[in-house]
């Protein structure tokens, strides 16, 4: 495929290579075809991205949500630590997305006519060390011993064909885990990861087109432990709702002063201009 100049995508501190990659509908289409190889006629025009957006660090947001024809698909990434709580997360994401869908389409839930809903499909990509026995996990089974009238099922993907984008992303994740273990969470590690993936023809086009941006994204994520520590400390100190708002401000200002995030990302997190952010930072 031809390479071209692409505009620099807008990002925030919650973005990962996963979310950046599949923000581009070209790659989202490849993902869908990997999940549904039988659908030969789908194009990027059939794709609507419905990923939930987060405004502050602890808001509900998901990695990827898309509506394609009559399907609504969620795909999350669980990189290093496995938890069945991902079932609850996806339950909330699905409910919020359906609510947004109904509101946007001005659907009358109180009318007599049955409303139409896109069919949900829920997936998690997991490449951590834990062995996942079941390739499909159930909310009803895990939390309610199969006694609940409500259920939600997720397909867990740990392997895929090497020649599709899901398989390439899984290989990218494994290369990342291997090199991080060897070199640690450093910018030079991110550079080594990108170079090795290009050498092994893993996500080559994407990584060659956005090499510096990907290294920057990974560098930010390598500081997430620090980000989490800052955030939890501020929330603990402030406690109540108003305190939490102030805590979010102090957290982001502290992260900016420590060099963890850039001024553009800090201002975006607070929904203000860079000039207004600098005033807040000095207050």
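The values are calculated or read from the model by the stated rules, or taken from the named source; none is laboratory data. Only a predicted model underlies this, so the values are computations on that prediction, with no experimental measurement involved. Here the Cβ positions follow ideal geometry from the backbone for every residue, glycine too, while neighbour counts run over all protein chains shown.
I'm checking my understanding of the structure. Among residues of region 186-196 that are out of contact with any helix residue (DSSP H, G or I) (no Cβ under 8 Å at 6 or more places or on another chain) and modelled with pLDDT under 90, which one is farthest from residue 259 (Cα to Cα)?
Going residue by residue through region 186-196, those that are out of contact with any helix residue (DSSP H, G or I) (no Cβ under 8 Å at 6 or more places or on another chain) are 186, 188, 195.
Remaining after also requiring modelled with pLDDT under 90: 186, 188.
Working: 186: 14, 188: 17 Å.
For region 186-196, the residue satisfying everything is 188.
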Going through region 194-211 in order, the residues found to be free of Cβ contacts under 8 Å to residues at least 40 places away in the same chain and within 13 Å of residue 20 (Cα to Cα) are 207, 211
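Going by the conditions given, is residue 94 in contact with a strand residue (DSSP E or B) (Cβ under 9 Å, 6 or more places away or on another chain) and modelled with pLDDT under 90? Walk me through how you get there before you give the answer.
Numbers: in contact with a strand residue (DSSP E or B) (Cβ under 9 Å, 6 or more places away or on another chain): yes; modelled with pLDDT under 90: no.
So residue 94 fails the test.
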Pairs under 7 Å by beta carbon, first residue within 12 Å of residue 222 (Cα to Cα) in region 181-193, partner at pLDDT 85 or above and surrounded by fewer than 15 Cβ atoms within 10 Å (Cβ to Cβ), six or more apart or different chains?
-> 189/183
Could you list, in sequence order, all residues of region 268-277 that are without any contact (Cβ under 8 Å) to a residue 24 or more places away in the chain and surrounded by fewer than 16 Cβ atoms within 10 Å (Cβ to Cβ)?
-> 272, 273, 274, 275, 276
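If only one of 182, 192 is surrounded by fewer than 16 Cβ atoms within 10 Å (Cβ to Cβ), outside any loop (DSSP other than H, G, I, E, B) and over 20 Å from the mean Cα position of the chain (by Cα), which one is it? Even if it seems obvious, please write down each step before you answer.
Numbers: 192 fails: surrounded by fewer than 16 Cβ atoms within 10 Å (Cβ to Cβ).
So the residue among 182, 192 that is surrounded by fewer than 16 Cβ atoms within 10 Å (Cβ to Cβ), outside any loop (DSSP other than H, G, I, E, B) and over 20 Å from the mean Cα position of the chain (by Cα) is 182.
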Please state which of the following conditions residue 164 fails to meet, knowing it meets all the rest: (1) touching a strand residue (DSSP E or B) at 6+ places or on another chain (Cβ under 6 Å); (2) in contact (Cβ under 8 Å) with a residue 60 or more places away in the chain.
-> (1)
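For the structure I just gave you, tell me whether residue 247 is surrounded by fewer than 19 Cβ atoms within 10 Å (Cβ to Cβ) and either under 25 Å from the mean Cα position of the chain (by Cα) or at pLDDT below 50 (or both). So that I can check it myself, show each step before the final result.
Working: surrounded by fewer than 19 Cβ atoms within 10 Å (Cβ to Cβ): no; either under 25 Å from the mean Cα position of the chain (by Cα) or at pLDDT below 50 (or both): yes.
No: the conditions fail for residue 247.
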Go through region 49-59 and give me each residue that's over 30 Å from residue 179 (Cβ atoms) and either buried (at least 16 other Cβ atoms within 10 Å of the Cβ) or at pLDDT 95 or above (or both).
-> 50, 52, 56
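In region 197-206, how many are more than 18 Å from residue 180 (Cα to Cα) and either touching a helix residue (DSSP H, G or I) at 6+ places or on another chain (Cβ under 8 Å) or crowded, with 20+ Cβ neighbours inside 10 Å (or both)? First the steps, then the outcome.
Looking only at region 197-206, we keep the residues that are more than 18 Å from residue 180 (Cα to Cα), and these are 201, 203-206.
Then keep just the ones that are either touching a helix residue (DSSP H, G or I) at 6+ places or on another chain (Cβ under 8 Å) or crowded, with 20+ Cβ neighbours inside 10 Å (or both); that gives 203-204, 206.
Residues that pass the stated criteria total 3.
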Give just the number: which of (1) under 15 Å from the mean Cα position of the chain (by Cα); (2) surrounded by fewer than 18 Cβ atoms within 10 Å (Cβ to Cβ) does residue 130 not satisfy?
-> (1)
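Only one residue in 41, 12, 62 is part of a loop (DSSP other than H, G, I, E, B) and either modelled with pLDDT of 95 or more or touching a strand residue (DSSP E or B) at 6+ places or on another chain (Cβ under 8 Å) (or both), so which one is that?
The conditions single out 62.
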Unique match (being closer than 26 Å to residue 32 by Cα and either assigned to a helix (DSSP H, G or I) or modelled with pLDDT of 95 or more (or both)) among 143, 169 = 169
